[in-house]
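I have placed the structure first, in the form of structure tokens, so that the comments after it can refer back to it.
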Amino acid sequence: MTDKEQDQQTTADPEKTEKEAQAAFIADIVSGKQTVSCVRNGSIYQNKDAKKMVALTFDDGPYTNMTEKYLAILEQYDAKATFFVLGQYVLTKPDSAKHIVASGNEIASHTWYHHNMPKLKAADIQEDFRKTEAAFEQVLGFQPNLFRAPYGSINQTVRDVAKSYGQQSVMWSIDPQDWKVKDSEQIAYHILNR
């Protein structure tokens, strides 16, 4: 959500908390009241704003040491990010998960086990979402409203389960391939020259 959209929502209803406003915005996207410029098969890939911008996201954690380093760098540059985390790590590393939220960043679901979801049975996908949602509720006191499929691997069954849990699927428009290449200059070049 852009700052302008958040400001408009806050102005329109000052009683809403930021989380409620974000949840309402996501609900509006799902219902079609808000539009984004690139939605494919029900997953958000790109914001509707035509300005060039980057949404910083981190997948797989929270990892105690790395998450703390990321949060310190984000704070240093007055930047925010969305952390797509594994439900099992929310339970085993609750301080890191809480720090993400306390620092004003967004935390969202990246499943429980990081399985390739389309390869699972529907009942197993449901169980993964249920366990992840329970971990968020237990540790953070709320349920995630955004979801990113591991490996970017998603199908309609996974989207339907996500939707049944009130989660909007969010993907990426540029894969930095930082999982494949460890050279930061090469990663930056790949991202900036798309």
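The values are calculated or read from the model by the stated rules, or taken from the named source; none is laboratory data. Only a predicted model underlies this, so the values are computations on that prediction, with no experimental measurement involved. Glycine also receives a Cβ, built like all others from the backbone with ideal geometry; neighbour counts cover every protein chain displayed. All accessible areas refer to the heavy atoms of the entire protein, side chains included, with ligands and DNA or RNA removed. Shrake-Rupley method; radii C 1.70, N 1.55, O 1.52, S 1.80 Å.
Quick check on segment 80-194: take the gyration tensor over C-alpha atoms, sort the square-rooted eigenvalues as a ≥ b ≥ c, and tell me if it's rounded (a/c under 1.5), prolate or oblate. Note, shape of segment 80-194 comes out oblate.
The label-point distance for GLN156 and ALA72, in a model that sets each label 7 Å from Cα toward Cβ, rounds to 4.9 nm. Would you mind telling me the share, in percent, of accessible area of segment 74-194 contributed by carbon and sulfur at probe 1.4 angstrom? Result for segment 74-194: 49 percent of the exposed heavy-atom area is carbon or sulfur. Model label points for LYS180 and GLN88, set 7 angstrom from Cα along the Cα-to-Cβ axis, are 2.6 nm apart.
Using only alpha carbon pairs under 8 Å that are at least six residues apart, calculate the relative contact order of segment 66-134 and give it in whole percent. Contact order relative to length: 33 percent.
In this structure, the pairs whose alpha-carbon distance is over 21 Å, taken from LYS131/LYS163; LYS93/LYS131; LYS119/LYS180; LYS80/LYS131; LYS69/LYS98, are LYS119/LYS180; LYS80/LYS131. FRET efficiency for the pair ALA102 and ALA55, taken as 1/(1 + (r/R0)^6) with r the Cβ-Cβ distance and R0 = 22 Å, rounds to 0.60. Full extension of the chain between TYR165 and ARG130 yields a length gain of 11.8 nm, computed as 0.36 nm times the residue separation minus the alpha carbon distance.
A Förster distance of 35 Å, applied to the separation of the beta-carbon atoms of ALA188 and ALA123, puts the FRET efficiency at 0.25. Phi-derived couplings, Karplus 6.51 cos²θ - 1.76 cosθ + 1.60 at θ = phi - 60°, listed residue by residue for segment 173-185: 9, 9, 8, x, 6, 5, 6, 9, 10, 9, 7, 4, 5 Hz, with x used for Gly and Pro.
Around the amide H of ALA108, modelled in the peptide plane, lie the amide H atoms of PHE83, PHE84, VAL85, all under 5 Å away and 5 or more residues distant in sequence or on another chain.
For segment 94-194, what is the accessible area per residue in Å², given a 1.4 Å probe and the full set of protein chains?
Here the residues of segment 94-194 average 54 Å² of exposed surface.
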